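Have a look at the structure below before the remarks.
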2 protein chains.
Amino acid sequence: MNIAIVGVGLIGGSIGIRLKETNFCDKIIGVEKNESNQRKALELGLVDEILPLEEALKRCKIIVLTVPVDAILKLLPNILDQVTDQVVIDMGSTKTNILALIAEHPHRGRYVAAHPMAGTEYSGPEAAIPHLFKDKVMVYVEAFKSDEDAFELADALTDQLAMKTSFMNADEHDMHTAYVSHISHLTSFALALTVLEKEKSQGRIFELAGSGFQSTVRLAKSSPDMWTPIFKQNRSNVLEVLEEHINQLKDLYDKLESEDYDGLHKLIKRSNKIKRIIK
Amino acid sequence: MNIAIVGVGLIGGSIGIRLKETNFCDKIIGVEKNESNQRKALELGLVDEILPLEEALKRCKIIVLTVPVDAILKLLPNILDQVTDQVVIDMGSTKTNILALIAEHPHRGRYVAAHPMAGTEYSGPEAAIPHLFKDKVMVYVEAFKSDEDAFELADALTDQLAMKTSFMNADEHDMHTAYVSHISHLTSFALALTVLEKEKSQGRIFELAGSGFQSTVRLAKSSPDMWTPIFKQNRSNVLEVLEEHINQLKDLYDKLESEDYDGLHKLIKRSNKIKRIIK
């Protein structure tokens, strides 16, 4: 069995390198339009060969889409047109628009919507690592609409990645990821912009940056090519959480501005409840 | 030589445990009003004994203040009244108000204002670790106002902690820490509050939380008893950076709201310049 990975960056490359470790398939075929990334993917051994999409579709049983979500929207209907008994899995970070787009497709059953809750702030083939997915959660969205054999093959791949699984509907998935993933990126982008701006007048501003700053700002290294489409595809949920987050910051601002230190202490103490969630 | 550590929590305890490793002094005396923390500090071997402040001042050459900044403001003038040839070092996170308070004190020269840019989101004696300070920066503020021998003894202690050093004036210090430390805590507190609120209606919201979320929210575990006084003492700088940060978030919001995806892409790309600063 051959597997096609469409988009050999952080996610696609990490799947490739891991599947080569586990000998899950005969060949891993990369589909990648960027020539420099093609070369790197081969050099790093993330894939066995690079082929055009049409060719890869003919030779592979599983097609994994790991391109940005706007590219998935463009590619998926066309790919589904061409599949017969293959399985197409997308690994995009938003799901509502993608699922709506192919809801009535005659080959809908061959498609499995999945989202691995794993990643780093780095991108491109050089960022690929074999254990990116280990013990992380693979979310299946509307899995009941996939053919049984298609889902089982997708889930066998998830097993190879040593992941846990979770099931959700599309609305739930897109709202939850807005709250526990997309907003974290927005706060990091905004924090980086805030301090970079200040650096212009205060040259030494980063001298005192320690691990706390690093922790809250590291996601600001994330790729705009990946994240702009995510925010676009999940626009209403992202606007909701962003508005709510700005309101929480304003609340902290108001407490400090009015010197209501008891109120400020209470808000901080309430936020400490996050201890229950993260170790 | 004996050293007194006033406030045996994360910072004080970590200094104690490290100085015991390096045999820098004969005895480490803890001054700690909380009885449970007294017991833990002795059990964990962070200090050799616990004494009342007055007693510790008589028996120690170096007095290190590692209580919250509001407590430093209360204690410091009184401690300086009593010192003769001792050295008093405070490790508080804000400096302007503390330095203004003792600027004219007859024993000003015996005092060294220092701020170790190190910490974790945990607090209390159990949080103490011997290598908390290794390779981090100790900032000295208005060091030229300390007696030469007092500064040298403080710097010898910094050496024991294996830290690098940096020199600043108080205004600069308080503004810089607002931008690269205090704001990171505020964004984490606000992010925790945002998602904890949403959990009330969406029970499974934390199921998909991954390493990115964890990274941006972990500081929300920080102690309100430590942070409320920091925000209070650094109020104007913190309000400035908070306002600027809210504006950056609003800018991202407006770009998304008006579907200006080129503009959004540009902002994210600009924030990527943080790569230059953090590895």
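Readers should treat all values here as calculations from the given coordinates under stated rules, not as data from a laboratory. All values derive from a computational prediction rather than experimental measurement. Ideal geometry is used to build each Cβ from the backbone, glycine not excepted, and the neighbour counts take in all protein chains shown.
For A:Ile50, the residues 5 or more places off, or on other chains, whose built amide H falls under 5 Å of its own are A:Gly30.
Here's the picture: charge each Lys and Arg Cβ at +1 and each Asp and Glu Cβ at -1 in the protein assembly as shown, and of A:His115, A:Met175, B:His173 the one pushed furthest to the positive end of that dipole is A:His115.
Charge tally around A:Arg39: other residues with Cβ under 12 Å, Lys/Arg +1 each, Asp/Glu -1 each, net -3.
The distance between label points at A:Gln82 and B:Arg39 comes to 7.1 nm (points 7 Å beyond Cα on the Cα→Cβ vector). For the range B:2-168, DSSP calls about 15 percent of its internal beta bridges antiparallel.
Shielding by partners for peptide B:252-259, expressed as the average number of C-beta atoms from other protein chains within 10 Å of each residue's C-beta, is 5. When A:Leu196, B:Leu191 are sorted by how many other C-beta atoms sit within 10 angstrom of their C-beta, beginning with the fewest, the order is A:Leu196, B:Leu191. Sorted on the mean count of surrounding Cβ atoms within 10 Å across their residues, most packed first, peptides A:211-221, A:252-262, B:180-190, B:81-91 read B:180-190, A:211-221, B:81-91, A:252-262.
Convex hull volume of the C-alpha atoms in the range A:173-276, normalised per residue: 136 Å³.
The mean count of C-beta atoms from other chains within 10 Å of the C-beta of residues in B:239-245, rounded to a whole number, is 5. Residue by residue along B:221-234, Cβ atoms of other protein chains within 10 Å of the local Cβ number 4 on average.
The convex hull built on the alpha-carbon positions of the range A:2-168 has an orientation-averaged projected area of 8.3 nm². Between the alpha-carbon centers of the range A:231-279 and the range B:91-145, tell me the distance in whole angstrom. Here the two parts' Cα centres lie 29 Å apart. Taking Cα atoms, how many degrees apart are the long axis of helix B:69-82 and the longest axis of chain B, rounded to 10 and kept between 0 and 90? For B:69-82 against chain B, the angle is about 20 degrees. Toward the positive end of the charge dipole of the protein assembly as shown, with +1 on the Cβ of Lys and Arg and -1 on the Cβ of Asp and Glu, the farthest Cα among A:Val241, A:Gly7, A:Leu196 is that of A:Gly7. Per the Debye calculation on chain B with a single equal scatterer at every Cα and no solvent contribution, log₁₀ I(q)/I(0) for q = 0.08 Å⁻¹ amounts to -0.39. From the largest down, the protein assembly as shown spans 88, 46, 41 angstrom on the principal axes of its Cα atoms. Other residues within the sphere of radius under 11 Å centred on the Cβ of B:Thr66, judged by their own Cβ, net out at -2 (K and R +1, D and E -1). Relative to the Cα centre, the charge distribution of the range A:2-168, modelled as +1 at Lys and Arg Cβ and -1 at Asp and Glu Cβ, gives a dipole magnitude of about 200 debye. The charge dipole of the range B:173-276, taken about its Cα centre with unit charges on the Cβ atoms of Lys, Arg (+1), Asp and Glu (-1) only, comes to about 440 debye. For the range B:32-78, a Kirkwood hydrodynamic radius built from all Cα pairs, placed in the Stokes-Einstein relation at 10 °C and 1.306 mPa s, yields a translational diffusion coefficient of 134 µm²/s.
For chain A, the share of DSSP beta bridges that are antiparallel, to the nearest 5, is 15%. The charge dipole of chain B, taken about its Cα centre with unit charges on the Cβ atoms of Lys, Arg (+1), Asp and Glu (-1) only, comes to about 740 debye. Once the Kirkwood radius over Cα pairs is known for the range A:1-97, the Stokes-Einstein relation at 37 °C and 0.692 mPa s delivers a diffusion coefficient of 249 µm²/s.
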